[in-house]
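*Asks:* Quick one: this structure, given as structure tokens, is what I'll be asking you about.
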Amino acid sequence: MKVLHLIDSGGLFGAEKVLLSLVKQQMHDRMEPIIGSINDSPIKTKALELEAKTRGYKIHKFIMKPGISLSGANNIINYAKKNRVDIMHSHGYKANILIGLQPRFFRKIPIISTMHGWTNTKKFSKMRLNQELDAFALRHVDKIVLVSKGMLTNKKISKLPKEKLTVIENGVDIVNVDYTKLDNASIIDEYIYEEELRCKLKSFCNKSIVVGTVGRLSKEKGFEYLIEAIYLVRKKVERDVKLLIIGDGVEKDNLLERISAYDLDTKVMFTGYVDNAFNLLPLFDIFALSSLTEGLPITLLEAMQYSLPIVSTNVGGIPYVIENKKSGLLVNPLQPKELADSIELLINDEAYAIKLAEQSKSIFLDRYSSGAMATKYHQIYQKLVTA
């Protein structure tokens, strides 16, 4: 079966990681996946395109102007027909709008859309307009996949045709490297190529309790509350507790101001964007997720695989993955004191932290491998192709 995956990628984030894992597994299952990357520049190479090429995956760039392009939509459909694609699989609002709004009698090829998550947006904004168009376009695709049951509570999603909705939880590749045999310095040397960052990380992580997180520096990630939580933890815990944030984004300046206000300049570190950031997770003693909204975050699954004790807000699909006080600690969003109390508990009770981490890894291995995810997608593909 030949599948054309369509995405307008902004980096190697959650949706991209899911896509790469899915393509890898589909190739293993002797399918023919193609990554269709929507790009507004014939010169620029996106991070996803580079990663796919490095891995040897088949990729095709669809060059089109920013915004909604009818000619771009036609190019995608014509490519799919010419290459005898059996099914198109969209991973984001732009591909949904471009292809979903095309009449079925014209495109002929069935399309499935995976909703990796909708972020909160301002009432009058370009992103809000895109979400409204996306919601309309989704009504015209053949199947809509949500990455967690928690997304069913979203008001806009609940208005979509129920017969088209299904849930397939995200999956990631199983990592076979035993990081327990590597110290922090070895991990940093292996995966950080910039000398200045290597030195800073080694110094930062040395002889400290490192609370870590990964994500874009955007409002919905709630990092301001995590920073305040670290401030509160440090007031009560004698050991040197630090916060390591792997990621970059528009909120960085605002977060730096907050860090300075709490006098945490040497206790909170931003690495900036790091390729394959999951490789640095073993640097963390505790994984913390402070998001205000989520689908099913890949970073959470990666933390589970690496047997990290987890503190997370109970938003989106997270409570369907982490059971409070059994496989992690869940807190309410917007509550830095709850975050702080949970982090403090894991620092003070190491045996309990290890027990939670072991249980979360067991859940990951049972439910969240890329193989389990790919099998469920293949079942949907088969039904749509033979309908």
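*Asks:* Considering the options SER203, HIS140, ALA353, tell which one lies farthest towards the positive end of the dipole of the chain, charges being +1 on Lys and Arg and -1 on Asp and Glu at the Cβ, about the Cα centre.
*Replies:* Final value for the positive-end residue is HIS140.
*Asks:* Can you give the Rg to Rh ratio for the range 127-286, taking only C-alpha atoms and Rh from Kirkwood?
*Replies:* Radius of gyration relative to Kirkwood radius: 1.07.
*Asks:* Here's another thing I want to ask about it. log10 I(q)/I(0), Debye, Cα-only the range 11-163, no solvent, q = 0.12, 0.18, 0.19 Å⁻¹?
*Replies:* -0.53, -1.26, -1.40
*Asks:* Of all the C-alpha pairs in the chain, what % are more than 30 Å from each other?
*Replies:* Result: 40 percent of Cα pairs exceed 30 Å.
*Asks:* So which trypsin sites (Lys or Arg not before Pro) in the range 206-262 are both in a DSSP loop and have at most 10 other Cβ atoms within 10 Å of their Cβ?
*Replies:* Within the range 206-262, the qualifying trypsin sites (Lys or Arg not before Pro) (loop, at most 10 other Cβ atoms within 10 Å) are LYS207.
*Asks:* Shifting gears a bit: Working from the pairwise distances between different alpha carbons, so that the mean of 1/r is found and then inverted, what is the range 151-215's Kirkwood radius in Å?
*Replies:* Evaluated on the range 151-215, it is 16.3 Å.
*Asks:* I've got another one for you. List, in order, the whole-Hz ³J(HN,Hα) value for each residue of the range 82-95 obtained from phi through the Karplus relation with A = 6.51, B = -1.76, C = 1.60 and θ = phi - 60°; use x for Gly and Pro.
*Replies:* Those phi angles translate into 4, 9, 6, 6, 7, 8, 9, 10, 8, 10, x, 5, 5, 5 Hz.
*Asks:* A further question on this structure: Give the residue list of GluC sites (Glu not before Pro) in the range 215-256 that are DSSP loop and have at most 15 other beta-carbon atoms within 10 angstrom.
*Replies:* Sparse-neighbourhood loop GluC sites (Glu not before Pro): GLU238.
*Asks:* With the contact rule set at Cα under 8 Å and sequence spacing of 6 or more, what percent relative contact order holds for the range 239-387?
*Replies:* Taking the mean separation of contacting Cα pairs over the length of the range 239-387, I get 18 percent.
*Asks:* Here is a follow-up. Enter the accessible area of LYS383 (Å², nearest 10), with the probe set to 1.4 Å and all protein chains included.
*Replies:* 150 Å²
*Asks:* Over the chain, give the accessible area per residue in Å² for a 1.4 Å probe, as an integer.
*Replies:* Here the per-residue accessible area is 47 Å².
*Asks:* I've got another one for you. Report, to the nearest whole %, how much of the accessible area of the chain belongs to carbon and sulfur atoms, 1.4 Å probe, protein only.
*Replies:* Of all accessible area on the chain, carbon and sulfur atoms account for 50 percent.
*Asks:* Please label the shape of the range 30-97 as rounded, prolate or oblate, based on the square roots a ≥ b ≥ c of the eigenvalues of the alpha-carbon gyration tensor (a/c under 1.5 means rounded; beyond that, a/b larger than b/c means prolate, else oblate).
*Replies:* oblate
*Asks:* Let me ask something else. With 24 Å as the limit, write out which pairs from LYS24/LYS155; LYS149/LYS325; LYS236/LYS267; LYS202/LYS325; LYS156/LYS326; LYS2/LYS156 have Cα-Cα distances beyond it, or answer none.
*Replies:* Listed pairs above 24 Å: LYS24/LYS155; LYS202/LYS325; LYS156/LYS326; LYS2/LYS156.
*Asks:* Another question about this same structure. Which percent, nearest 5, of DSSP beta bridges in the range 207-354 are antiparallel?
*Replies:* 5 percent
*Asks:* Rounded, prolate or oblate: pick one for the range 279-355, where a ≥ b ≥ c are the square roots of the eigenvalues of its C-alpha gyration tensor, a/c under 1.5 means rounded, and failing that, prolate if a/b is larger than b/c, else oblate.
*Replies:* The shape class here is oblate.
*Asks:* If you don't mind, there's one more thing I want to ask. Just read off the accessible area of SER203 with the full protein assembly in place, 1.4 Å probe, to the nearest 10 Å².
*Replies:* Here the residue's solvent-accessible area equals roughly 80 Å².
*Asks:* Same structure again: Under a point-charge model restricted to the Cβ atoms of Lys and Arg (+1) and Asp and Glu (-1), what is the dipole moment magnitude of the chain relative to its Cα centre, in debye to the nearest 20?
*Replies:* I would put it at about 2000 debye.
*Asks:* Given the rule -39500 (n - 2.57) for each run of at least 4 DSSP H residues, summed and divided by the residues of the chain, what is its mean residue ellipticity at 222 nm, to the nearest 500 deg cm²/dmol?
*Replies:* That calculation yields -13000 deg cm²/dmol at 222 nm.
*Asks:* Shifting gears a bit: Using a 1.4 angstrom probe and counting only protein chains, how large is the accessible area of VAL167 in Å², to 10?
*Replies:* Result for VAL167: roughly 50 Å² accessible.
*Asks:* On the Cα set of the range 215-315, report Rg and Dmax in Å, please.
*Replies:* My reading of the Cα-based Rg and Dmax gives 13.1, 36 Å.
*Asks:* How do ASP134, ASP275 stack up against each other in accessible area, from largest to smallest, with a 1.4 angstrom probe?
*Replies:* ASP275, ASP134
*Asks:* Sticking with this one: For the range 231-387, with only Lys/Arg (+1) and Asp/Glu (-1) charged at the beta-carbon, what is the dipole magnitude about the Cα centre, in debye rounded to 20?
*Replies:* For the range 231-387, the charge dipole is close to 460 debye.
*Asks:* Could you name the aspartates and glutamates in cross-link range of LYS159, using Cα to Cα under 17 Å and dropping any fewer than eight places away on the same chain?
*Replies:* GLU132, ASP134, ASP142
The values are calculated or read from the model by the stated rules, or taken from the named source; none is laboratory data. Remember, predicted model here, so these are calculated numbers, not experimental data. Virtual Cβ from ideal backbone geometry, glycine too; neighbours counted across all protein chains shown. All accessible areas refer to the heavy atoms of the entire protein, side chains included, with ligands and DNA or RNA removed. Shrake-Rupley method; radii C 1.70, N 1.55, O 1.52, S 1.80 Å.
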